């Protein structure tokens, strides 16, 4: 079962200079919300920003990570 | 007939409906809070939309995500383009961008932006 800390570290490791905050919405370890700020998001649409974060987890989204709600911005 | 009728049917549905929401359950009986919230935003704007329940056949979700390059449900398409899932649609609803995208009037009583809890809209189950 992924932890909020594990998710945060994986996002920050995969997206250069990003900072992430991750909450477990239900306490069940499968519904998360993440706020991700990364300079590389500048110029990307919201869809592209969210895709970048979802790509960190690949097929785990919808699997062990049942839901990952996102808020993304460049700064 | 191509080798992938499910994918063809999804692509046709996206092409044939100006506004189409792929969700878990139906607008009347949503089966997931995120789907409920997204349908509620469309309902609040009074826009006409088509809704597809992805639950009856797992291939629908699989093919939809392959087409859209988007891993989660719900997914809202307007004029053939993916607008987003629950988070983006909710953000756009609150900012008035969704009304603009759909070409409808923003109602006067849009609630203040949510504080991060994604399931607070009554899901009408």
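Contact annotation: residue pairs with Cβ atoms under 6 Å, 6 or more positions apart or on different chains, pairing a residue in segment A:44-55 that is at the interface with chain B (Cβ under 9 Å from one of its Cβ atoms) with a partner that is part of a helix (DSSP H, G or I), are A:46/B:88. The sole residue among A:64, A:39, A:16 that is in contact (Cβ under 8 Å) with a residue 60 or more places away in the chain and over 22 Å from residue B:89 (Cα atoms) is A:64.
Take residue B:20 and decide whether it is crowded, with 19+ Cβ neighbours inside 10 Å, away from chain A (no Cβ under 13 Å) and within 14 Å of residue B:86 (Cα to Cα). Don't jump to the end; show me each part of the working.
Working: crowded, with 19+ Cβ neighbours inside 10 Å: yes; away from chain A (no Cβ under 13 Å): yes; within 14 Å of residue B:86 (Cα to Cα): yes.
It is true that residue B:20 is crowded, with 19+ Cβ neighbours inside 10 Å, away from chain A (no Cβ under 13 Å) and within 14 Å of residue B:86 (Cα to Cα).
Restricting to segment B:34-67, count the residues that are under 12 Å from the mean Cα position of the chain (by Cα), in contact (Cβ under 8 Å) with a residue 24 or more places away in the chain and part of a helix (DSSP H, G or I). Residues flagged as under 12 Å from the mean Cα position of the chain (by Cα), in contact (Cβ under 8 Å) with a residue 24 or more places away in the chain and part of a helix (DSSP H, G or I) within segment B:34-67 amount to 9.
When the residues of segment A:56-75 are filtered to those that are farther than 14 Å from residue A:6 by Cα, more than 10 Å from every other protein chain (Cβ to nearest Cβ) and part of a loop (DSSP other than H, G, I, E, B), the one that is farthest from the chain's Cα centre (by Cα) is A:75. Could you say whether any residue in segment B:68-79 is within 19 Å of residue A:62 (Cα to Cα), away from chain A (no Cβ under 14 Å), at pLDDT 95 or above and not in a helix (DSSP H, G or I)? Taking every residue of segment B:68-79 in turn, none turns out to be within 19 Å of residue A:62 (Cα to Cα), away from chain A (no Cβ under 14 Å), at pLDDT 95 or above and not in a helix (DSSP H, G or I). Consider segment B:70-81. How many of its residues are touching a residue at least 12 places away in the same chain (Cβ under 8 Å) and surrounded by fewer than 17 Cβ atoms within 10 Å (Cβ to Cβ)? Total satisfying the criteria: 2. Out of all the residues in segment A:1-20, is one or more within 19 Å of residue B:33 (Cα to Cα), surrounded by fewer than 16 Cβ atoms within 10 Å (Cβ to Cβ) and out of contact with any strand residue (DSSP E or B) (no Cβ under 8 Å at 6 or more places or on another chain)? No; the residues of segment A:1-20 include none that is within 19 Å of residue B:33 (Cα to Cα), surrounded by fewer than 16 Cβ atoms within 10 Å (Cβ to Cβ) and out of contact with any strand residue (DSSP E or B) (no Cβ under 8 Å at 6 or more places or on another chain).
Here's a check for you: in segment B:44-61, which residue that is loosely packed, with under 13 Cβ neighbours inside 10 Å and on the phi < 0 side of the Ramachandran plot is farthest from the other protein chains (Cβ to nearest Cβ)? Give the derivation first.
At the first step, the residues of segment B:44-61 found to be loosely packed, with under 13 Cβ neighbours inside 10 Å are B:46, B:48, B:56-58.
Applying the additional criterion that residues be on the phi < 0 side of the Ramachandran plot yields B:48, B:56-58.
Values: B:48: 23, B:56: 17, B:57: 15, B:58: 11 Å.
Taking the candidates together, the pick is B:48.
The values are calculated or read from the model by the stated rules, or taken from the named source; none is laboratory data. Computed from a predicted model, the values in this text were never measured in an experiment. Neighbour counts are summed over all protein chains in view; Cβ atoms, including those assigned to glycine, are modelled from backbone coordinates with ideal geometry.
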